[in-house]
Amino acid sequence: MAFRKFLPLFDRVLVERLTAETVTKGGIMLPEKAQGKVLEATVKAVGPGSFNQKGDMQPVSVKVGEKVLLPEYGGTKVVLDNKDYFLFRDGDILGKFME
């Protein structure tokens, strides 16, 4: 609900990372150190876009609710209502999952 009060500027995208798997398919519990960094996230809010060199508005390429693939490093951590979110530029997002 906090992301409803927060609107990213320009071509920024606010995402919430998916949680890491804590149990393998065989039922073995994984310690935190063995869990990989989760690169998938859900888009929670998007900015209006940015202007190109001609002055035309370039809209953001993802929409709220889509699942995206993030780079391993980067993004700005934002805490809203005691939940961790991350801000990425639209161009930094590697791709989106088609459902």
Discussion item. Multiplying the sequence separation of Asp92 and Thr42 by 0.36 nm and subtracting their Cα-Cα distance, what value in nm do you get?
Written reply: 16.5 nm
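Give the relative contact order (percent, whole number) for the stretch 47-99; include only Cα pairs under 8 Å separated by 6+ residues.
Working: 56 pairs, mean separation 17.1, N = 53.
Relative contact order of the stretch 47-99: 32 percent.
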Worksheet entry | Residues in the stretch 38-53 that a label on Asp81 would reach, taking backbone N under 15 Å of a point 7 Å out along Cα→Cβ | 44-45
Discussion item. Once R0 is set to 22 Å, what does the formula 1/(1 + (r/R0)^6) return for the Cβ-Cβ distance between Ser61 and Thr19, expressed as a FRET efficiency to the nearest 0.05?
Written reply: 0.30
Item to complete: Any aspartates and glutamates with Cα under 18 Å of the Lys67 Cα? List them, leaving off those in the same chain fewer than 8 positions away.
Response: Asp11, Glu16, Glu21, Glu40, Asp84, Asp90, Asp92, Glu99
Worksheet item: When we measure straight from the Cα of Lys63, which lysines land under 19 angstrom away, once same-chain ones fewer than 8 places off are left out?
Response: Lys5, Lys44, Lys96
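Quick note: the coordinates plus some simple rules give every number you see, no bench work behind them. These numbers come from a predicted model, not from an experiment. With ideal geometry, Cβ positions are generated from the backbone for all residues, glycine too; neighbour counts draw on all protein chains shown.
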